[in-house]
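Worksheet: one structure, shown below.
The values are calculated or read from the model by the stated rules, or taken from the named source; none is laboratory data. Here the structure is a predicted model, which means the values were calculated and not measured. Here the Cβ is made from the backbone with ideal geometry for all residues, glycine too, and neighbour counts use every protein chain on show.
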């Protein structure tokens, strides 16, 4: 993000109470783990143009929001910032008191960690290594996380030029080669640090773009070069929007986009790919973010990203400032001048300096749901305007966050629980109402029924029943991994649970918010058989004690079974072109069996609901039903000769409104084909 986007007007008073107009059904499955909340999970950006970034008031507010990660020196300024002189190449505006040591004072006061942007655009590997030496050897700050550049792909190489890059070549290959030099120089000083590489998020520009002279896009070029040398991937998330309602719905696309990013990392980064973490170091609604839509977006996007593999989510920005020239009206009537900060900078059209905007309270609410060490668990709602997130807390409690994106209507929510039984005690309920100036708490409703006001964030704190089937002394099994993946099986291994008398482990398969017991083991591994070829599986492991009580769930492991090594058919699938809202796919089919085929039907399913076949197809007929696609031949290519005697090729133009991962498998006349993917 570039500097100084824009801030907000005084907060509107709370809106009048609304009677609930509809019932929403929510399910929480406490046996389906989505990962453990890390100490770096809740983050925020700090920018050197903010003269108040290191004041005691700033540190206090950040600590009160339980911010665990602070990013410095501020978006695109990172590619011009020189830490020794506290200056920015090209004359960027830097406020006094924003130097690195002052920033680290705020980090320590807030009880957070730092994530630092090493200057790629106008710096050098030596300058970055010197920074590591000063921070961790000279000063003993123990700064673990270091990014190499900011949005480097915005250096003009793909046609848009906002990111400073003084290198003669601005290609992704050049960036990747230089990242290796940075990583080697910096880790030579402190081998314990973690290095982050800039990637593009699927469905975000310039994902899928191949520049003139290149054969692959940014991620496919960068990852093979840097894979052995880096520790995490960096992406930013500013979803497309036309209205506040639209931007709030966009977070539903993020899980598939992060899943596709994970697949790209695993595929292209080599043996180290599965070890690379994902850091979402900038996000905000980017639309009326200083009013209630900004809060609702925050409440949803942080947990959505953390549930889908990110180890940190960093809000843009702590303070950002405004020239008061871009005032818009949110659906609740509040005025928003477009400030990208969560605290007021005190401009003439804003409330007093340091007044929290709604996005701040949403960030503060996160830790009422889950604190570091707590386990995020699967949950779902049957109403697209009510999102839900949940966590099993370390003390045995369960917390549920409900986000009502409807500006006009309250909802009555009925909650069902699997794998965990709430007590009959009246829950403590935290509420951040529309444009409120604080989070309130009250004992209200029941574990099964709550009313949530319009445009609100509501968190239920639930205690377990005495008959709860959970042994709180057992820790969750350690993160499972899948190996030996074949067309019909895989071996799942994990670290043992501790703290109780473990008698066996249970392996569950996730189906949305439903779980199916796949198998049991008395050791720390389990081999699953009879799986479906070319199918995605998400599994959890839970420990069981002598009484049959379960532990909290492990983090999930997701894998896709292979297609058969030997089949009577072979399919290749490739994307020849990919852009923001569409792609071109080419498919080839070969009969590899002993018998010729007269007339054929090819079937596949899109992994993501965000992709579909457009009206433009060639050499075959395409019929869609939901995500399922059936392809039939033309008269002239209906026959396939036996034993790879001939291949038929056809394709389509695809629509996408988010991720576009390739189909996991194809069947020809009902037989699962051996599948290859060409890039």
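Here are a few things to note about the model shown:
- Looking across the range 7-37 at every residue that is under 30 Å from residue 97 (Cβ atoms) and surrounded by fewer than 24 Cβ atoms within 10 Å (Cβ to Cβ), the one that is modelled with the highest pLDDT is identified as 11.
- The lone criterion from (1) under 13 Å from residue 457 (Cβ atoms); (2) touching a helix residue (DSSP H, G or I) at 6+ places or on another chain (Cβ under 6 Å) left unmet by residue 376 is number (1).
- For residue 554: the one exception among (1) crowded, with 19+ Cβ neighbours inside 10 Å; (2) at pLDDT 95 or above; (3) more than 19 Å from residue 491 (Cβ to Cβ): (3)
- For the residues 654, 645, 593, 621, the requirement of being part of a loop (DSSP other than H, G, I, E, B) and modelled with pLDDT of 95 or more singles out 593.
- Test: residue in the range 76-89 that is surrounded by 24 or more Cβ atoms within 10 Å (Cβ to Cβ), in contact with a strand residue (DSSP E or B) (Cβ under 6 Å, 6 or more places away or on another chain) and closer than 21 Å to residue 278 by Cα: yes
- Test: residue 380 is outside the structural domain of residue 70 (by TED's automatic domain parsing) and in a strand (DSSP E or B): yes
- Residue in the range 412-421 that is modelled with pLDDT of 95 or more and touching a helix residue (DSSP H, G or I) at 6+ places or on another chain (Cβ under 6 Å) present: no
- Exactly one residue out of 113, 95, 46 is surrounded by fewer than 19 Cβ atoms within 10 Å (Cβ to Cβ), at pLDDT 95 or above and in the same structural domain as residue 292 (by TED's automatic domain parsing), and it is 95.
- Scanning the range 547-581 for residues that are over 30 Å from residue 306 (Cβ atoms) and outside any loop (DSSP other than H, G, I, E, B) yields 569, 570, 571, 572, 573, 574, 576, 577.
- Matching residues, the range 196-205, being part of a loop (DSSP other than H, G, I, E, B) and either at pLDDT 95 or above or surrounded by 22 or more Cβ atoms within 10 Å (Cβ to Cβ) (or both): 199, 200, 201, 202, 203
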